[in-house]
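Participant: Pasting a structure below so you can have a look.
The values are calculated or read from the model by the stated rules, or taken from the named source; none is laboratory data. Everything numeric here is computed off the predicted structure, so don't read it as measured data. Virtual Cβ from ideal backbone geometry, glycine too; neighbours counted across all protein chains shown.
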Amino acid sequence: MKNLHISALLDVYGEFLSEKQKRIAENYYYDDLSLSEIAENEQITRQGVNDLIKRAEAQLLSYEEKCRYCENFTKLKRLRSDIESGNFDAEELLRIIDEL
């Protein structure tokens, strides 16, 4: 199964990748194409596709490590859900807000 976390990072940070990396990563994660299918479409080797995807993944993970946008977004979604359900601790809410 393809990594959903990487798909989310691609949504957020994809514009920071090279055009080719972004296109290949989108083919792989969004369009669910195989390495062989992408290689044929791009007229490169399957290993070349694999290398481009691995580099793109590393860059996306690096961006998230520095920016933490996806992590913070997930925290905010959880907070919203907790607040809507009335199941939240005000101190926890303030702590998370301070972290953001």
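Participant: Can you run down the residue pairs with Cβ atoms below 8 Å, 6 or more apart or on separate chains, where the first is in segment 71-82 and farther than 19 Å from Ser7 by Cβ and the partner is aromatic (Phe, Trp, Tyr)?
Facilitator: Leu79/Phe88; Asp82/Phe88
Residues checked against (1) more than 25 Å from Phe73 (Cβ to Cβ); (2) touching a Ser or Thr at 6+ places or on another chain (Cβ under 7 Å); (3) of a type in the set (D, E, K, R):
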site: Ile6; (1), (2), (3): no, no, no
site: Asp11; (1), (2), (3): no, no, yes
site: Leu17; (1), (2), (3): no, no, no
site: Gln21; (1), (2), (3): no, no, no
site: Ser34; (1), (2), (3): yes, no, no
site: Gln43; (1), (2), (3): yes, no, no
site: Gln47; (1), (2), (3): yes, no, no
site: Ile53; (1), (2), (3): no, no, no
site: Ala58; (1), (2), (3): no, no, no
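Participant: Also: Which condition number in (1) of a type outside the set (A, V, I, L, M); (2) at pLDDT below 95; (3) at negative phi; (4) under 23 Å from the mean Cα position of the chain (by Cα) is the one that Glu65 fails?
Facilitator: Just one mismatch for Glu65, condition (2).
Participant: Suppose we filter segment 74-90 for residues that are in a helix (DSSP H, G or I), touching an Asp or Glu at 6+ places or on another chain (Cβ under 9 Å) and farther than 14 Å from Leu100 by Cα; how many remain?
Facilitator: So the answer is 1.
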